[in-house]
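These notes are about the structure you will find just below.
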Amino acid sequence: MSQPSPVSPPPSYVRLAMRHMVRKGRTSLLHFSLTTVGLLAVLVGLAYLFR
């Protein structure tokens, strides 16, 4: 009889994102910074409109 091999759970989303970020390097950091700046611009714009 063969023993069933233990099934490891799939890697978490955070672990996959970090692995991808390390592999892509500068491109990933550029996209992250552009996203951050865009989100801040939207929030500041909304705060200005609804003050």
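Each reported figure results from applying straightforward, stated rules to the coordinates on display, with no laboratory input. Given the structure is predicted, the values throughout are model-derived calculations rather than measurements.
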Residue-wise, which Karplus ³J(HN,Hα) couplings in Hz belong to the range 9-15, taking 6.51 cos²θ - 1.76 cosθ + 1.60, θ = phi - 60°, and x for glycine or proline?
-> x, x, x, 5, 4, 5, 5
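Counting helices only, and only those DSSP H runs with n ≥ 4, report the 222 nm mean residue ellipticity of the chain as the sum of -39,500 (n - 2.57) divided by its residues, in deg cm²/dmol to the nearest 500. All intermediate terms of the calculation are to be shown ahead of the outcome.
Numbers: 2 runs with 36 residues, N = 51.
Computed mean residue ellipticity for the chain: -24000 deg cm²/dmol.
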Radius of gyration and maximum dimension Dmax of the range 8-51, Cα, Å = 15.7, 51
